[in-house]
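The values are calculated or read from the model by the stated rules, or taken from the named source; none is laboratory data. Bear in mind the structure is a predicted one, so any value in this text is a computation, not a measurement. Here Cβ is always computed from backbone atoms with ideal geometry, including for glycine, and neighbour counts include all displayed protein chains.
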Amino acid sequence: MRLVECVPNFSEGRDRAVIDSITSAIEETEGAYLLDVDPGKDTNRTVVTFVAEFSAAVEAAFRAIETASRLIDMSKHQGAHARLGATDVCPFVPVRGVTMEDCVQLANELGARVGNELRIPVYLYESAAKKEDRRNLATVRAGEYEGLSVKLKDPEWKPDYGPAVFNAKTGATIVGARKFLIAYNVNLNTKDRKIAHDIALTIREAGRAKRDGAGKMVRDAQGNVVKVPGTLNALKAVGWYIEEYNRAQVSINLVDYDVTPPHVAFDEVKQQAELRGARVTGSELVGLIPLQAVLQAGRHYLDLQGKSTGVPEKEIIETAVQSLGLNDITRFDPQQKIIEYRVAEKTPLADLAIKDFLDVTSIDTPVPGGGSVSALIASLASALASMVANLTVGKKGYESVEGQMKEVAVKAQALKSAFLQGVDEDSKAFDRVMEAMRLPKKTEEDRQRRDEMVEAATKRAVDVPMGVITACLRAVEVVEAVARSGNVNSLSDAGVAALSLRAAAEGALFNVLINLPGISDAEYVKETHRDAISTAGEVDARCQEVVKKVREELNRPLA
């Protein structure tokens, strides 16, 4: 699933009925998931956070902006926060499977719709800005709503979309694309705000003012204060004391976690605290965090321990939580705090206990069937390969292949997860075929639509097992590697992995072949049949070679 985060800010923080109407417009959009609603009475502003599938992001944002334009009257608005319109700002943020360029595309699509359909002036900012001087949000918002009528008359401030006409009711909207911002606090074992703030000045990108021997600020020839750069880039920070926690914190905004991820900030604060006689006790995540940032942290600390990172995702996350002390003052629940987990698709089959899966497979229903079982077998084969690799890492006599085995374990874990998704995907594909078959066929138009839906669903029922076969070919490489270089005490496990993978590929092939006759697209049938036979054949041959070598090794005469 390609995911985009959107964080629209609306100029209403007091009227719950208006706020609920706006958020309902998002919730009612298929493919959009409302995550957080944060209204402020003093600011008279509500910050909404939702994520959406790439194809649904613009629609969800547009519906919310359209609702706000009907229900909010900016001519009567008062609040402490700077604002330009009913929907003040609406940034798109890449989360998973989406690039910044994709988000720029979304910003332009939304800007065009808002400008053309709602007749609201739209400015683009950050990565979506069409002019360099419009990248900064504060610059675009300068003058606020009260100065907008004059601003729109200036040719330099012609909107990127929509009319250059002052709309007293809605004002203007700022749409953009930016990096994900992680709000992250590091906890200290002191109440002294000065220590926390001194650390913040040391690490933040903006740094601190340079001072001379007498403690006075150093200025350049133009009279500007000379700054000493901070130790970390793409990071903003302040130090404060939180009475509720009875301790000081270094409060951090990570504006680009690809540049400075949480674990790097945590380790730097820890080092700086020790230089000042303080200690870090843990940290706190404010809001949500992308899965990748947590996995980066977990892998970082596993690497420091000399451990393999080719372990289940759950173990990597637990390592991150413990290493960063994320449960120090508030509970960190991955299911609630990690974006991807909040919107994860249900996997009713893959989440079953083994006994329950066997039971549901054994009754008189067509799903789960051979396709789901084949995907499960392939997942088990990958799990065995990862196990052998991990049992090799750190063992005496295997130092020369340790790096290779760590890489193999990581690849095997990724394949395991992909195959496990296939367990439910295969069953869902079958269900779609059945749904399409039940469509009405009373009229010629009905029959044509039904035929098209059946064709598309049947192709999906072929594509899923075809994907399993293709992935099996990638999995052969990890099985071959552990059979060749892995811990000899686990050679039998490598052999079982090869046997399982061979069965999985052949089973997936059967599911491709049984569905192909139901497809009328002759070219698709021909190409898919050829690729399926060829790929499954290669998996079979290579797995048989592994099995042969394992059997020969294990079947040597006993001394």
Output the strands (runs of 3 or more DSSP E) that fall wholly within the stretch 1-89 and possess 3 or more residues being over 18 Å from the mean Cα position of the chain (by Cα) and modelled with pLDDT under 95, or say none. 32-40, 45-53
Taking the stretch 286-319, which residues are more than 12 Å from the chain's Cα centre (by Cα) and within 18 Å of V95 (Cα to Cα)? V286, G287, Q296, A297, E313, I317
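Yes/no matrix, rows are residues, columns are (1) on the phi < 0 side of the Ramachandran plot; (2) part of a helix (DSSP H, G or I):
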residue	(1), (2)
N116	yes, yes
R119	no, no
Y125	yes, no
A128	yes, no
D133	yes, yes
V140	yes, yes
E146	yes, yes
Examine the stretch 287-304 for a residue that is closer than 30 Å to A383 by Cα, touching a Phe, Trp or Tyr at 6+ places or on another chain (Cβ under 7 Å) and modelled with pLDDT of 95 or more, and state whether such a residue exists. yes
Within the stretch 376-425, which residues are farther than 20 Å from S490 by Cβ and more than 24 Å from the chain's Cα centre (by Cα)? L376
Condition check for G306: touching a residue at least 24 places away in the same chain (Cβ under 8 Å), on the phi > 0 side of the Ramachandran plot and in contact with a strand residue (DSSP E or B) (Cβ under 9 Å, 6 or more places away or on another chain): no
From the list R141, R113, pick out the single residue that is more than 25 Å from the chain's Cα centre (by Cα) and modelled with pLDDT of 95 or more. R113
Which numbered condition in (1) at negative phi; (2) without any contact (Cβ under 8 Å) to a residue 60 or more places away in the chain; (3) not hydrophobic (A, V, I, L, M, F, W, C) is the only one that T173 fails? (2)
Selection status of K406, closer than 18 Å to L380 by Cα and of a type in the set (K, R): no
Under 7 Å between Cβ atoms, which residue pairs at least 6 apart in sequence (or on different chains) link something in the stretch 507-520 that is over 19 Å from G537 (Cβ atoms) with a partner that is among the acidic types (D, E) and at pLDDT 95 or above? I519/E455; S520/E455
Within the stretch 59-82, the residues that are in contact with a Lys or Arg (Cβ under 7 Å, 6 or more places away or on another chain) and of a type outside the set (D, E) are F62, M74, S75, G79, H81, A82
Can you list residue pairs whose Cβ atoms sit under 9 Å apart, with the first residue in the stretch 329-357 being over 22 Å from G282 (Cα atoms) and the second being among the hydrophobic types (A, V, I, L, M, F, W, C) and assigned to a loop (DSSP other than H, G, I, E, B)? Count only pairs 6 or more apart in sequence or on different chains. E340/M1; R342/L288; V343/M1; A344/M1; E345/M1; L349/V367; F357/L349; F357/A350
